[in-house]
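To keep things clear, I will list the structure first and then write my remarks on it.
The values are calculated or read from the model by the stated rules, or taken from the named source; none is laboratory data. Model, not experiment: these values are computed from the prediction. Virtual Cβ from ideal backbone geometry, glycine too; neighbours counted across all protein chains shown.
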Amino acid sequence: MEPNDTGRPAYHSSTILKIYVYGYLNRVQSSRRLEREAQRNVELMWLVGRLAPDFKTIANFRKDNGEAIRLVCREFVMLCRKLNLFADAFVAIDGSKFKAVNNRDRNFTKAKMKRRLQQIDESIGRYLGQIASADRQESAIAETKTERLEEKIKTLKQEMKRLRKLEVRMLEAPDQQISLTDPDARSMATSGRGTGMVGYNVQTAVDTKHHLIVAHEVTNVGHDRRQLSTMSKQAKAAIGVDELTVVADRGYFRGEEIFDCDKAGITTYLPKPQTSGNMFKGFFGKRDFIYVAEDDEYRCPAGQRLIRHTQMQEQGQTLYRYWTSVCSKYSIKSKCTTGKERRVTRWEHEAVLDAAQARLDRDPQKMRVRRETVEHPFGTIKAWMESTHFQMKTIKRVSTEMSLHVLAYNMKRVMNILGTRALIEAIRV
Ligand code: SF4
């Protein structure tokens with residue numbers, strides 16, 4: 001922060017940072033509430049030397065210093081590293097959905113828009129039907145009823161007009177979705193059925209030994225498929241090791257991501273999602289075909305050799321196709337394919353995925369470690385947020401807010417692990 005040449009001297013950045021750290025450690029995140037606390041809470045009055053900035057100053061600090069706040073959070077992770085708290089070089093990666101300020105009714109996707117327009121249409125139809133039956137009664141009461149219904153129809157038509165305008169804006173958006181309050185917030189499905197929310201998907205890499213958050217990132221993409229290598233690399237850099245072990249759930253499974261991690265010296269543990277269409281149909285799945293690396297061929301359930309025949313490009317990936325021409329001779333074929341022969345596809349880097357699967361088969365306990373690790377930070381932070389939404393709008397500012405949450409969470413963890421005195425000492429050194 002640069003002080004102004006004229007006017008009243010500004011508050012030192014450390015004063016307001018202290019207010020925020022105190023606030024996030026004590027479940028007070030709103031600038032208005034922090035303003036009040038600074039005037040009446042003895043602990044906070046002592047901490048900031050009885051200075052009492054107004055809520056605007058407090059809010060502006062968080063709004064204008066996002067990058068610096070993120071650096072403070074990173075600095076604290078560096079301190080943990082110096083204190084040798086990441087000695088195991090083993091992290092669990094997970095994402096969790098957090099609510100944005102944006103209400104669900106102020107977010108529009110194609111499906112939601114279609115549903116709303118349909119509901120309005122149905123309501124208008126219903127009201128028109130009621131008007132028609134009121135007309136047949138021809139009494140004074142019926143007349144008032146008709147007027148009331150016509151008024152309702154008018155309001156619905158106005159709403160329809162408004163939605164049509166929003167639909168144009170929505171279809172112009174790159175992902176055909178708009179949020180009116182927080183433009184960056186996105187509609188996201190959550191694990192419970194029919195419990196979608198408008199918010200952000202926060203990614204974290206959590207150290208499995210002490211449950212400290214090593215790296216975090218706020219995204220507005222509803223799934224985790226493209227996050228594994230980014231988060232793993234961030235965690236690796238933060239911990240400062242050459243080799244890192246990472247565990248994640250099946251939502252992160254993507255060949256390219258695992259291959260990227262492998263190239264970067266990151267050992268991954270994650271299960272493969274069961275999405276094989278053949279298995280759903282009751283046919284043999286790909287896992288029933290054994291790959292024989294030295295011969296570059298598959299051995300099928302009938303013991304036949306499937307030889308590599310063709311190569312193709314699909315979405316930037318080189319794929320090979322394997323098959324045998326003797327399928328029709330075997331009665332087992334009815335459990336394998338409805339076609340002339342069963343063909344098996346292999347990605348050029350599939351050996352990396354096979355190795356990852358073999359690792360997980362040898363050590364399935366890693367998944368238990370994952371569950372026990374990631375639940376802790378997300379559970380704690382959400383409890384601190386008291387099931388409410390982020391205070392700020394747009395991904396940039398929400399990221400700042402998340403950094404403050406992560407900083408507070410990590411500080412509290414280290415206080416529990418080492419004690420407050422030891423932490424103060426370590427910060428002073
Ligand atoms: S149908 Fe072909 S690939 Fe499938 S089990 Fe029979 S021989 Fe093997």
Quiz item: Q130: in contact with a helix residue (DSSP H, G or I) (Cβ under 6 Å, 6 or more places away or on another chain) and polar (S, T, N, Q), yes or no?
Solution: yes
Quiz item: within 16 Å of the ligand (Cβ to nearest atom) and part of a helix (DSSP H, G or I), is that true of I381?
Solution: no
Quiz item: Quick check: anything in the stretch 50-67 among the small types (G, A, S), surrounded by 15 or more Cβ atoms within 10 Å (Cβ to Cβ) and under 25 Å from V221 (Cα atoms)?
Solution: yes
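Every residue, every condition in (1) buried (at least 21 other Cβ atoms within 10 Å of the Cβ); (2) acidic (D, E); (3) touching a strand residue (DSSP E or B) at 6+ places or on another chain (Cβ under 7 Å), yes or no:
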residue: V198; (1), (2), (3): yes, no, yes
residue: N201; (1), (2), (3): no, no, yes
residue: D207; (1), (2), (3): yes, yes, yes
residue: H211; (1), (2), (3): no, no, no
residue: T219; (1), (2), (3): no, no, yes
residue: L228; (1), (2), (3): yes, no, yes
residue: A235; (1), (2), (3): yes, no, yes
Quiz item: Consider W323 against the criteria (1) on the phi < 0 side of the Ramachandran plot; (2) out of contact with any strand residue (DSSP E or B) (no Cβ under 7 Å at 6 or more places or on another chain); (3) near the ligand (Cβ under 10 Å from one of its atoms): it satisfies all of them except one. Which criterion is unmet?
Solution: (2)
Exercise. Determine if the stretch 277-288 includes at least one residue that is surrounded by 12 or more Cβ atoms within 10 Å (Cβ to Cβ) and more than 14 Å from the ligand (Cβ to nearest atom).
Key: no
Quiz item: Which pairs have Cβ atoms under 9 Å, sit 6 or more apart or on different chains, and link a residue in the stretch 32-58 that is of a type in the set (G, A, S) to one that is loosely packed, with under 15 Cβ neighbours inside 10 Å and in a helix (DSSP H, G or I)?
Solution: A52/Q39
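So that you can scan it fast, the table gives a plain yes or no per residue for (1) of a type in the set (K, R); (2) at pLDDT 90 or above; (3) farther than 17 Å from D354 by Cα:
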position	(1), (2), (3)
Q274	no, no, no
N278	no, no, yes
K281	yes, no, yes
V292	no, yes, no
Y298	no, yes, no
R305	yes, yes, yes
T310	no, yes, yes
E314	no, yes, yes
Quiz item: Here is a list of conditions, (1) of a type in the set (S, T, N, Q); (2) surrounded by 14 or more Cβ atoms within 10 Å (Cβ to Cβ); (3) closer than 26 Å to A205 by Cβ, and Q365 meets all of them except one; can you say which number that is?
Solution: (2)
Practice problem: Restricting attention to strands (runs of 3 or more DSSP E) lying wholly within the stretch 250-313, give those where 2 or more residues are in contact with a helix residue (DSSP H, G or I) (Cβ under 8 Å, 6 or more places away or on another chain). | Solution: 266-269
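Which strands (runs of 3 or more DSSP E) does the stretch 125-241 wholly contain that include 2 or more residues that are β-branched (V, I, T)? Explain how you work it out, then say what you get.
Details: elements: 177-179, 186-188, 197-207, 213-219.
Result: 197-207, 213-219.
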Quiz item: What do you reckon, is G255 in contact (Cβ under 8 Å) with a residue 40 or more places away in the chain and surrounded by fewer than 17 Cβ atoms within 10 Å (Cβ to Cβ)?
Solution: yes
Practice problem: Please determine, by comparing only the residues of the stretch 326-359 that are polar (S, T, N, Q) and surrounded by fewer than 12 Cβ atoms within 10 Å (Cβ to Cβ), which one is farthest from the ligand (Cβ to nearest atom). | Solution: T338
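Looking at I58, I69, can you tell me which residue is within 30 Å of A205 (Cα to Cα), touching an Asp or Glu at 6+ places or on another chain (Cβ under 8 Å), among the β-branched types (V, I, T) and not assigned by TED's automatic domain parsing to the domain that holds A238? Steps first, answer last, please.
Working: I69 fails: touching an Asp or Glu at 6+ places or on another chain (Cβ under 8 Å).
Exactly one residue qualifies, and that residue is I58.
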Quiz item: Given the conditions (1) in the same structural domain as N201 (by TED's automatic domain parsing); (2) outside any loop (DSSP other than H, G, I, E, B), and given that I427 satisfies all but one, which numbered condition is not satisfied?
Solution: (1)
Quiz item: For the stretch 75-89, which residues satisfy the criterion of being touching a strand residue (DSSP E or B) at 6+ places or on another chain (Cβ under 8 Å) and of a type in the set (F, W, Y)?
Solution: F86
Practice problem: Starting from residues that are exposed (fewer than 14 other Cβ atoms within 10 Å of the Cβ) and over 35 Å from the mean Cα position of the chain (by Cα), keep the ones in the stretch 308-320 and report whichever is farthest from the ligand (Cβ to nearest atom). | Solution: Q311
